[in-house]
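The block underneath contains the structure these notes are about, expressed in structure tokens.
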Amino acid sequence: MKKPVVILSLLILGLILLSACSSSRAESAQQAIYTSAAHTLAAQLTLAVGETAVAQLTQIAAQPTETPVPPTQPSPSPTATHTIPPPTATPSGPCNWAEVVQDISIADNSVFFPGGVFTKIWRVRNIGTCTWTPAYALVFAAGDPLGGPASVSLPGDVRPGAAVDLSVTLTAPGAPGVYSSGWLLRDPSGVLFGTGPQAQVPLTVQIQVALPPTQGRGEYDFALAYCSAQWSSGTAILTCPGSVDDPNGSVVLLGQPYLESRLENEPALWTRPNAAPNGSLLGGYPGYVVRSGDRFRAEVGCLFNSPGCDMTFTLDYRRADGVIVNLGMWREVYDGLTTTINLDLSSLAGQAVQFLFGVQNLGDPLAANAFWLAPHIQNVPPQTSQVLVWSQRGGSQNLCEELRISLDSLSQSIAQARSCKSGAGQELGSGSLTQAEQDQLLGWMVQLTPFDAELFTAEAAEPLTSYLTFNGRGANDAGDPQITAMQEFAKRVFLRISR
């Protein structure tokens, strides 16, 4: 139904963690309440980070004659191929010396699921004065062998100045983490050499092993996998499962947690920081590859019988380059209320990230009993529907501005602002509606039928024309006051999210 509305007005635009432990009395009470806590996964996360070149070579030098032990299940032997003709210049320097020309395959920090098989290839040039023969070999030297062979002989001669592609087939370990593997060349006399100014730097490959989706609630269940995380407090690295009597803090899985607001039958993580002012606790989970449509869901608050509990909860993620980014921060006190978390992770799709759970005490250290109820990732590809389209055209600046608001299946609204002056237009910004805006939009949706409207306004004799398209689900026709209110609503949202 087309609704023309004419409004003459002067347009006025408006612009708009953690110290805690329970007392002996509180701990006893909590233990009594949580005797039915579920036993869970106890596999400890192993993060095997590659050693530095100096440390690796020191270890090698200390045991020059030791023969590396082949792995239990060796991978297929690697091969050395693709010999490249040498340049005409005659090299000079040490007899045995190598130079990395290029990483042909498997960039550092590539992500694999446990058991994933891959082939690492380095293109290496002989910059020494001696010819490498089949009596030379590529040997495992430091870090993690990644299921590779102890050594592999070169297939042919590599003269000084020539380059060769050296390949080795490896397997991602079963435990999630970051793994580095170092490889050196060995001459017929058993002397090891590599690259770098002193010919001592190994060829290296570093990978991330990420957990696939787990069985449980959602695509990834943080409660089920809590002992695969590495937990630490402000005073110590913690064991998992933890002890509620540990003054350094603890992490315990509760099968039927008694929250400050109710008794629950879903699992919760009881996270206690160290017993000191501003005590803290942090848990780093293994890498997870985010998919489009992933959402992080949990509920946070204080456990029952914890008066004086005052906690800050944080959720961060660590990128492959080590940078930590915050996803959210929530403060909870013992008041009978809790906070529900529902975060869209789609902007991280395709990235391998490490989620970090943090709590910090701001209140009574004896009452710092924080919980994460059913923390999990759920994949729900949103099915969006366009609810409101607003545009404004004209004026002295020949405006052409447009706002589109879409609603997904989770009742989350996303607004996109753009300029429509030319072609496909320029993106000006996007963002979620505030809770008040969301409530207002949903209110109109359940009341009003779909409509189109055209509105004319003027400021200092500068005509502006606005157009509204609204897709409601109600049964009532929109009146002029509602159309005017929707026009002002759209303009406020546009100004807020525009860059």
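The values are calculated or read from the model by the stated rules, or taken from the named source; none is laboratory data. Quantities reported herein were computed from a predicted structural model and do not represent experimental measurements. Reconstructed Cβ throughout: ideal geometry from the backbone, glycine too, with neighbour counts over all protein chains shown. SASA here: full protein model, heavy atoms, side chains in, ligands and nucleic acids out. Shrake-Rupley method; radii C 1.70, N 1.55, O 1.52, S 1.80 Å.
The rows are residues; the columns are (1) among the hydroxyl-bearing types (S, T, Y); (2) part of a loop (DSSP other than H, G, I, E, B); (3) crowded, with 20+ Cβ neighbours inside 10 Å.
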position	(1), (2), (3)
A142	no, no, yes
G148	no, yes, yes
P155	no, yes, no
L170	no, no, yes
A175	no, yes, no
S181	yes, no, yes
L184	no, no, yes
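How many residues, within segment 334-361, are buried (at least 17 other Cβ atoms within 10 Å of the Cβ) and closer than 22 Å to L269 by Cα? Within segment 334-361, residues that are buried (at least 17 other Cβ atoms within 10 Å of the Cβ) and closer than 22 Å to L269 by Cα number 14. Consider segment 281-302 and keep the residues that are in a loop (DSSP other than H, G, I, E, B) and open to solvent by 30 Å² or more (accessible area, probe 1.4 Å). The one that is farthest from V209 (Cα to Cα) is S292.
Among the criteria (1) at pLDDT 90 or above; (2) in a loop (DSSP other than H, G, I, E, B); (3) within 17 Å of the chain's Cα centre (by Cα); (4) among the polar types (S, T, N, Q), the one N274 does not fulfil is (3).
Whether any residue in segment 221-230 is assigned to a strand (DSSP E or B), at pLDDT 90 or above and either open to solvent by 20 Å² or more (accessible area, probe 1.4 Å) or under 19 Å from K120 (Cβ atoms) (or both) is what I want to check. Yes: segment 221-230 contains one or more residues that are assigned to a strand (DSSP E or B), at pLDDT 90 or above and either open to solvent by 20 Å² or more (accessible area, probe 1.4 Å) or under 19 Å from K120 (Cβ atoms) (or both). Within segment 303-339, the residues that satisfy the criterion of being part of a strand (DSSP E or B) and among the acidic types (D, E) are D310, D316, E332. How many residues does segment 76-105 contain that are modelled with pLDDT of 75 or more, open to solvent by 40 Å² or more (accessible area, probe 1.4 Å) and assigned to a loop (DSSP other than H, G, I, E, B)? Summing the residues that are modelled with pLDDT of 75 or more, open to solvent by 40 Å² or more (accessible area, probe 1.4 Å) and assigned to a loop (DSSP other than H, G, I, E, B) in segment 76-105 gives 4.
Of A436, A417, A424, all but one fail to be modelled with pLDDT under 85, among the small types (G, A, S) and under 13 Å from R492 (Cα atoms); the exception is A436.
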